Amino acid sequence: MRKIGIYGSSFDPITNVHLWTASTIAHRAKLDLVIFLPCSDKRTDKELQTGKEHRWNMLQLAIQDHPKFCADRYEMDNVDGTYYTANTMRYFKQKFPEDDLYFIMGADLLYDIDHPSDPSRRWKHREELIAENKFIVMAREGIDMLKAISQSPLLRNHDDGTRFHLIDKGLAMEISSTYIREEFARGGEPRYLLPDTCYHYIREHRLYQSALDRR
């Protein structure tokens, strides 16, 4: 039985922090495989600036030499308009029925899954998601992960000691895809914040540039 982590994000573009985070989690949680899961470009809650094929191509360039990394197009190519994590995890459990699966997420999402004061932010099918899956939770500055779990009846009643693997040290690097996009758009030089192959891909295809620069 393998231990597999599912790592979802927009990856617009993938950054060295994404890769470092995935590698660190794989090491600390003793994962055999990390599956990068780029989101659909139809997501209304994501500010995507690049088409899915460019994001997919950059992701492939970034992970091609790592034996524990691969990518899956499940959410990216989903055409039915639903992007619920419970459905995604059900897909992977059917694809890897003999393996132990973990959904990788940031600590901020612990509050959103079963948000205590704003029902509109609570995740769809959250009861099924929490009851049937395991999670690797990455620390975020200013968030007390144990407190977040204890404040939610849903989370705390499924916290059996194996449901949530909390990684609370050394994952506080904050360079984001948004930062890199802004640097490209304003003529900055973010070369060493993302894989070299992706940097050259962005330059070749003139991604993330301002409308004036693309003329």
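For residue 28 and residue 163, FRET efficiency with R0 = 22 Å and r from the beta-carbon atoms, rounded to 0.05?
On the way: r = 17 Å, r/R0 = 0.78.
So the FRET efficiency works out to roughly 0.80.
Taking the chain as a Gaussian network, Cα atoms linked when under 10 Å apart, which of 14, 143, 63 shows the biggest mean-square fluctuation?
In the Gaussian network model the winner is 143.
For the stretch 66-77, what does the Karplus curve 6.51 cos²θ - 1.76 cosθ + 1.60, with θ = phi - 60°, yield as ³J(HN,Hα) per residue in whole Hz, taken in order and with x for Gly and Pro?
Each residue's phi maps through the Karplus curve to give 9, x, 9, 10, 8, 9, 9, 9, 3, 6, 4, 9 Hz.
At a 10 Å Cβ-Cβ cut-off, how would you order 111, 84, 208, fewest neighbours first?
Working: 111 19, 84 15, 208 23.
Taking fewest neighbouring Cβ atoms as first place, the list is 84, 111, 208.
Do me a favour and compute the ellipsoid semi-axes for the stretch 1-124 from its Cα gyration tensor, root of five times each eigenvalue, largest one first, whole Å.
Working through the eigenvalues yields semi-axes of 22, 19, 15 Å.
With label points built 7 Å along Cα→Cβ from the Cα atoms of residue 123 and residue 151, find their separation and express it in nm.
Calculated label separation equals 1.7 nm.
Please compute the length gained on full extension between residue 205 and residue 73, using 0.36 nm multiplied by the number of residues separating them and subtracting their Cα-Cα distance. Let's see the in-between values first.
Values: separation 132, 0.36 × 132 = 47.52 nm, distance 2.16 nm.
Full extension of this stretch gives 45.4 nm more.
Going through the cross-link list 30/68; 3/30; 52/95, which pairs have a Cα-Cα distance over 18 Å in this structure?
Values: 30/68 11 Å; 3/30 7 Å; 52/95 23 Å.
Flagged as over cut-off: 52/95.
Given a cut-off of 25 Å, what percent of all Cα-Cα pairs of the chain lie beyond it? Don't jump to the answer; show the numbers that get you there.
Numbers: 9418 of 23005 pairs.
Every Cα pair in the chain considered, those over 25 Å come to 41 percent.
Could you compute the FRET efficiency for residue 183 and residue 65, with r as their C-beta to C-beta distance and R0 at 35 Å, rounded to 0.05? The partial results should precede the final answer.
Details: r = 25 Å, r/R0 = 0.71.
Between residue 183 and residue 65 the formula returns 0.90.
Mean-square fluctuation check for the chain, GNM, Cα pairs under 10 Å: which of 62, 107, 185 is largest?
Highest fluctuation of the listed residues: 185.
What does the charge add up to near residue 130, with Lys and Arg as +1, Asp and Glu as -1, over the other residues with Cβ less than 13 Å from its Cβ?
In short, -1.
Kindly state, to the nearest 0.05, the FRET efficiency for residue 197 paired with residue 141, given R0 = 30 Å and r defined as their beta-carbon distance.
Working: r = 30 Å, r/R0 = 1.00.
E between residue 197 and residue 141, to the nearest 0.05, is 0.50.
Can you grab the distance from the C-alpha centre of the stretch 1-76 to the C-alpha centre of the stretch 138-199, Å, no decimals?
Comparing the Cα centres of the stretch 1-76 and the stretch 138-199, I get a distance of 13 Å.
Remind me, relative contact order of the chain in percent, using alpha carbon pairs under 8 angstrom and six or more residues apart?
The normalised contact order for the chain reaches 23 percent.
Which value, in debye to the nearest 20, describes the size of the charge dipole of the stretch 3-175 about its Cα centre when Lys and Arg Cβ atoms bear +1, Asp and Glu Cβ atoms bear -1, and nothing else is charged? Provide the component values of the computation, followed by the final result.
On the way: 23 positive and 27 negative charges, 32 e Å.
The calculated dipole for the stretch 3-175 is roughly 160 debye.
Any read-out appearing in this document is the output of simple, stated calculations on the displayed coordinates, not a laboratory observation. Predicted, not measured: the structure shown is a model, and the values here were computed from it. Please note: Cβ atoms are built from the backbone with ideal geometry, for glycine as well, and neighbour counts cover all protein chains shown.
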